[in-house]
Every structure is written in structure tokens, then in C-alpha cells.
1. Quick one: compute the contact order of the stretch 114-160, relative version, from alpha carbon pairs under 8 angstrom and 6+ residues apart, as a percent.
2. Using the Cα centre as the reference, give the magnitude of the dipole from point charges on the C-beta atoms of the stretch 9-226 (Lys, Arg: +1; Asp, Glu: -1; all else neutral), rounded to the nearest 20 debye.
3. Would you mind giving the average projected area, over all directions, of the Cα convex hull of the stretch 119-181 in nm² with one decimal?
4. When you have a sec, figure out the Kirkwood radius of the chain from all distinct Cα pair distances and drop it here in Å to one decimal?
5. Output the relative contact order of the stretch 9-226, whole-number percent, from Cα pairs under 8 angstrom with separation of 6+ residues.
6. Tell me, what is the percent relative contact order of the stretch 81-198, built from C-alpha pairs under 8 Å that lie six or more residues apart?
7. How far apart, in nanometres, would the label points at GLU207 and ARG159 be if each is projected 7 angstrom from Cα along the Cα-to-Cβ direction?
8. With unit charges on the beta carbons (Lys and Arg positive, Asp and Glu negative) and the dipole taken about the Cα centre of the chain, which residue among CYS186, SER153, ALA127 sits farthest to the positive side?
Amino acid sequence: MTIEKERRVEERPARIPFEGTTLEADVSVPADAKGIVLFAHGSGSSRFSQRNRSVSRKLQDAGFATVLLDLLTREEERAEALTRHLRFDIDMLSARLATVTNWAVAQRGLDGLPVGYFGASTGAAAAIVAAAALPHLVGAVVSRGGRPDLAGSALEELRAPTLLIVGGADTVVIDLNHQALRRLRCIARLEIVPRAGHLFEESGTLEKVSDLAERWFTEYLADRYAQVPAYSSAG
């Protein structure tokens, strides 16, 4: 029986300036990284989400660098908890994600790596809008329990292969994802995880999400760009 050697991962916190404020992120870079995946969380969550951290560890083991970031500042999160006025501001969230993306690809150990997005809830809509705005940079998108229907015209503009993952018990979101899937013009697939609810808290369901995400990013990010000599963030 062959035991795979644990991959060494460098972890570091980051603070990214954005229009007079600062966004916080946790950056993890495995040795010989073959791609980078930025996580855009949904409302009421943060870069400390155990669900996203579980998926990110799976991706790191597969050789992907990850950036877990807070799209809202701490002050905005506190206000959002009371007013819920920011969670559906997709334009703002996507602009911040795009800024962090441009920052990330210029960092040590990340420069030159192909970029993917993993979005949850409304963060999935922000990921689609940002990916559509950065077609030369973002090579693949995965949505977990997402609201891609909130991405508007970016659904038709998106070129990055996109995987939509929804829980089988999350019936309303399944319908919204079917609607979004019909509008996508890129390579796209909808995967429904049996018995899973919106948060994928049921036994084994988050592991299924991690496996699906790893395979998608491997096929459409790492393997695809491995065929392109001297790939760079400049396109």
C-alpha cells in the first residue's frame, strides 16, 4: 500500500487594500502549486467558515493554492447582521473579488498560476460576475449551494467552465440553478448531491462537494493550463 507524502503548505494572512478599506484573507500555498482558487463566501459567513476550510484543505492536498477571503470588513459584517443590506450587493462583492484576484496573481508563489473561483450562496453570483469581467484570468468556477441566478447578464458572458453543486434537499435553490444553467453559454454542469441540504451538513455530503470541486479544477484549470506553455496572468 502506497502512502502519499503530505504536501507542505505555506500559510500566511493577508490584508488587501480596496477603496479606502482593507479586506482580510488567509493564503495557503502548497509546494509546487498548480493553480490558485479564491473562495467567495455567502452572507453570514466568513473566511473562517469550516465548510469552506474543509474544501480548501482538499484542494491544497491536490496541489492548489487557496485564498479564503472576507468580502466584507468586520464593521460591514456587524452592520449586515442587522440590516442585511450588503449580502445581495453583487456588484460590490464582485468588484472586491476581482481586486483580490489581481492582487493574488502578483504575490510570491502565486504569480503565473491559473485562477479559479469557489463561490457559496451569494458569493457564487459574485464569482460569476468577477469571472465574466476577467475572462483572460479566471479559468474555472465552482458554485456550492449558490445563487448564480443573481449574476444577471454575466451568466451569458461567462466563458470559464462552471460547475454548479446543489443539495438534493435544497429544492428552491435547485430550481434557481436550473434556470441559471439554461442561460450559461460556457462549459457547464449541475451536480445534485443526494440528501444534502443548503449547508451540506449531512454526513458525507461536504466530502462529495470537495471531490467534485477537486476534479473540476483539475480538469479545467490545472490540466488545461498545463498544456499552455509559459501561461501568465497577462493572458
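Just so it is clear, none of the values below were taken in a lab; they were calculated from the coordinates. Keep in mind it's a predicted model, so treat the numbers as computed, not measured. All Cβ positions, glycine included, derive from the backbone under ideal geometry; neighbour counts span all protein chains shown.
1. Over the stretch 114-160, the number comes to 46 percent.
2. Computed charge dipole of the stretch 9-226: roughly 200 debye.
3. 3.5
4. On the way: mean 1/r = 0.0571 Å⁻¹.
With all distinct Cα pairs of the chain included, I get 17.5 Å.
5. About 18 percent, as a whole number.
6. Numbers: 235 pairs, mean separation 24.1, N = 118.
Computed over the stretch 81-198, the figure is 20 percent.
7. 3.9
8. CYS186
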